[in-house]
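Novice: First the structure, then my questions, so here it is.
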Amino acid sequence: MRIIIVGAGAVGYHLAERLALEGQDIVVIEADAEKAAELQSSVDCLVIHGNGASRRVLEEAGIESTGLLIAVTSSDAVNILACQAAAGYQVPRKIARVEDETLLTGHGLEGVDLVIDPSATLARDLVQLVHKGGVSEIVEFADGGLVLLGGHVQPEAPLAGMTLAELRDRVTGWEWIVTAVVRNGETVIARGDTEILVGDHVMVMCTGTHQTEALGLMGLEAHEPGKVMVLGGTRLADLTSRLLAEEGIHTVLIDQDVDRCRSMASESSRLVVVCGDPTDPRVLAAEGIDAVDTVLALSGWDEVNIVGCLVAKALGVAMTVARFHRFEFVGLLAGVGVDAGVSSRLAAANEILRFVRRGRIRSVTTFQDSSAEAIEIEVGGASEAAGRSLREVNLPRSAIVGGIIRDGEAFIPHGDTVVQPADDLILVALPDAIPAVERVFG
């Protein structure tokens, strides 16, 4: 399928790279000549320098034979106009990134099939992370019947220094599976001979009733937050702070912009807003950082967020989360003064990938420091896997089945578990395995 991506910023670049690896026919339109050249030199796709809302440029990109248009420039107006122009060519699916709340509630979105608001999505994810202190990811399936938890292995964790086969013999009484391990920026799908080291970022699938035990494997402990400090005055910081305050969590937001602070303070009576330098230890100490459970550094500058987290760690905060614009920072710094890295741009990519992978694929989740995807897929009646055990299914080593939902019941499978038509399978897979996953189970 031909996919046109309008915008070669962080989101567009990430999507082009990911979808091109899967063999999709990708065309990217970018107005900035330097960005266009950079993408063309590094990703196997066609890049056109021009305005993505221009009919001439869209025709040059092959709009008449396009199945999906994704508009993710930094301009909401350009994204909407590009989708509306594509509608004139009967493009069946059109996605626009829109963050202006006045546009989201207006009537100017005709021609757009899916509107994504990355900041709002990420704000909800951050609230969930705060409730699971120490966890870098939490993804629920089957209304919480299955949960995929991500975290960094602590020095005293049962996982540390053992292969998964050795750990399997010692941990009994509940079902779990380690699906993937991220180490030094490289992701591997876990197998029995995989040895887990301190500091590894691991992803553990378990049933919803055994999350505490799964966290214990990594040396982590869930606890309800008492006080949260948010650094920065961005829209993401504002949305997240208000959600936390509405849930009754004592939330303090610190930013240097006086006008912005006044505006946010006037909009929420439950939120404590402080005007000051979010990286100044004296400011943080004056606002009671010694009683803070979690610091969320959500300013618009990576450097401020990194320094804010490092200062908070030095002052004794247990959990720090930093927002990154540059994807490479996420994997580089997570676990080193920063317990979890998040990106609103990657949140946007997640929403788009859910829409791209339709048919029998029910949901898709990508991870901040990994190329892996968690995919929920329905097994087709004519699937070559139906009636065979997982051990017999010819899946590449870069994919693993971590959970099954059958007739409303969610469980962790074993090698001898037989796949049945209409099962929903939860897989963790690297990009090169996704076509095989779709072929085997679809």
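Novice: Looking only at the stretch 263-295, count every residue that is basic (Lys, Arg) and modelled with pLDDT of 95 or more and tell me the total.
Specialist: Selection size over the stretch 263-295: 1.
Novice: Which of the residues that make up the stretch 160-174 are at pLDDT below 90 and either in contact with a strand residue (DSSP E or B) (Cβ under 7 Å, 6 or more places away or on another chain) or on the phi > 0 side of the Ramachandran plot (or both)?
Specialist: Within the stretch 160-174, GLY173 is the sole residue that qualifies.
Novice: Quick one: GLU64 ticks every box in (1) touching a Phe, Trp or Tyr at 6+ places or on another chain (Cβ under 7 Å); (2) in contact (Cβ under 8 Å) with a residue 40 or more places away in the chain except a single one, so which number is it?
Specialist: (2)
Novice: Would you tally the residues in the stretch 223-241 being within 11 Å of VAL130 (Cα to Cα) and in a loop (DSSP other than H, G, I, E, B)?
Specialist: Number satisfying all stated conditions: 4.
Novice: Turning to a different aspect of this structure: Determine the pairs where a residue that is small (Gly, Ala, Ser), located within the stretch 240-253, has a partner that is surrounded by fewer than 24 Cβ atoms within 10 Å (Cβ to Cβ) with Cβ atoms under 7 Å apart, the partner being 6 or more residues away or on another chain.
Specialist: Short answer, once both residue conditions are applied: SER241/LEU271; ALA245/SER268; ALA245/ARG270; ALA245/LEU271.
Novice: Let me ask something additional. Taking the criterion of being over 30 Å from LEU15 (Cβ atoms), in contact with a helix residue (DSSP H, G or I) (Cβ under 8 Å, 6 or more places away or on another chain) and at pLDDT 85 or above, would at least one residue in the stretch 320-332 satisfy it?
Specialist: Looking through the stretch 320-332, none of the residues is over 30 Å from LEU15 (Cβ atoms), in contact with a helix residue (DSSP H, G or I) (Cβ under 8 Å, 6 or more places away or on another chain) and at pLDDT 85 or above.
Novice: Also: Any idea which of (1) in contact with an Asp or Glu (Cβ under 9 Å, 6 or more places away or on another chain); (2) part of a strand (DSSP E or B); (3) not assigned by TED's automatic domain parsing to the domain that holds GLU303 is the one THR212 doesn't satisfy?
Specialist: Going through the list (1) in contact with an Asp or Glu (Cβ under 9 Å, 6 or more places away or on another chain); (2) part of a strand (DSSP E or B); (3) not assigned by TED's automatic domain parsing to the domain that holds GLU303, THR212 breaks only (2).
Novice: Moving on to the next point. Go through the stretch 1-20 and report how many residues are in a helix (DSSP H, G or I), surrounded by fewer than 22 Cβ atoms within 10 Å (Cβ to Cβ) and in contact with a strand residue (DSSP E or B) (Cβ under 7 Å, 6 or more places away or on another chain).
Specialist: Number satisfying all stated conditions: 1.
Novice: For the stretch 425-441, which residues satisfy the criterion of being within 18 Å of PHE367 (Cα to Cα) and surrounded by fewer than 22 Cβ atoms within 10 Å (Cβ to Cβ)?
Specialist: LEU430, PRO431, ASP432
Novice: Still on this model: So, VAL202, is that one under 20 Å from ALA165 (Cβ atoms), at pLDDT 90 or above and surrounded by 21 or more Cβ atoms within 10 Å (Cβ to Cβ) or not?
Specialist: Criteria met by VAL202.
Novice: So if I check each of GLY335, GLY380, GLY341, which one is closer than 20 Å to VAL295 by Cβ and modelled with pLDDT of 75 or more?
Specialist: One residue alone meets the criteria, GLY341.
Novice: Just the residues that are outside any loop (DSSP other than H, G, I, E, B) and crowded, with 17+ Cβ neighbours inside 10 Å, please, taken from the stretch 22-45.
Specialist: Once the filter is applied, which keeps residues that are outside any loop (DSSP other than H, G, I, E, B) and crowded, with 17+ Cβ neighbours inside 10 Å, the stretch 22-45 yields ILE26, VAL27, VAL28, ILE29, GLU30, LYS35, ALA36, LEU39, GLN40.
Novice: Just for the stretch 125-142: of the residues that are over 17 Å from ARG354 (Cα atoms) and charged (D, E, K, R), which one is modelled with the highest pLDDT?
Specialist: If we take residues in the stretch 125-142 being over 17 Å from ARG354 (Cα atoms) and charged (D, E, K, R), then GLU137 is modelled with the highest pLDDT.
Novice: Would it be correct to say that PHE367 is under 9 Å from the mean Cα position of the chain (by Cα), modelled with pLDDT under 85 and of a type outside the set (Gly, Ala, Ser)?
Specialist: yes
Novice: Run ASP280 past the list (1) more than 20 Å from the chain's Cα centre (by Cα); (2) under 30 Å from LEU167 (Cβ atoms) and report the number of the one that doesn't hold.
Specialist: Failing condition for ASP280: (2).
Novice: List the number of the failed condition for LEU58; all other conditions in (1) at pLDDT 95 or above; (2) closer than 23 Å to ASP76 by Cα; (3) surrounded by fewer than 23 Cβ atoms within 10 Å (Cβ to Cβ) hold.
Specialist: Result: LEU58 passes all but (3).
Novice: I've got another one for you. Say we look at the stretch 290-311 and pick out the residues that are assigned to a helix (DSSP H, G or I) and within 16 Å of SER241 (Cβ to Cβ); which of these is farthest from the chain's Cα centre (by Cα)?
Specialist: GLY308
Here is a yes/no grid of residues against (1) without any contact (Cβ under 8 Å) to a residue 24 or more places away in the chain; (2) touching a Cys at 6+ places or on another chain (Cβ under 9 Å):
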residue: VAL112; (1), (2): no, yes
residue: LEU122; (1), (2): no, no
residue: PHE141; (1), (2): no, no
residue: TRP174; (1), (2): no, yes
residue: ARG183; (1), (2): yes, no
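Novice: Moving on to the next point. Just a yes or no: is a residue in the stretch 218-225 under 21 Å from ILE289 (Cα atoms) and of a type in the set (A, V, I, L, M, F, W, C)?
Specialist: Scanning the stretch 218-225, I find at least one residue that is under 21 Å from ILE289 (Cα atoms) and of a type in the set (A, V, I, L, M, F, W, C), so the answer is yes.
Novice: Considering only the stretch 2-17, I want to know if a residue exists there that is within 26 Å of the chain's Cα centre (by Cα) and more than 28 Å from PHE324 (Cα to Cα).
Specialist: Scanning the stretch 2-17 turns up at least one residue that is within 26 Å of the chain's Cα centre (by Cα) and more than 28 Å from PHE324 (Cα to Cα).
Novice: Any residue at all in the stretch 178-189 that is surrounded by fewer than 19 Cβ atoms within 10 Å (Cβ to Cβ), assigned to a helix (DSSP H, G or I) and of a type in the set (Gly, Ala, Ser)?
Specialist: Checking the stretch 178-189: not a single residue is surrounded by fewer than 19 Cβ atoms within 10 Å (Cβ to Cβ), assigned to a helix (DSSP H, G or I) and of a type in the set (Gly, Ala, Ser).
The values are calculated or read from the model by the stated rules, or taken from the named source; none is laboratory data. Note that the structure is a prediction, hence the values are computed from the model and not measured. Glycine also receives a Cβ, built like all others from the backbone with ideal geometry; neighbour counts cover every protein chain displayed.
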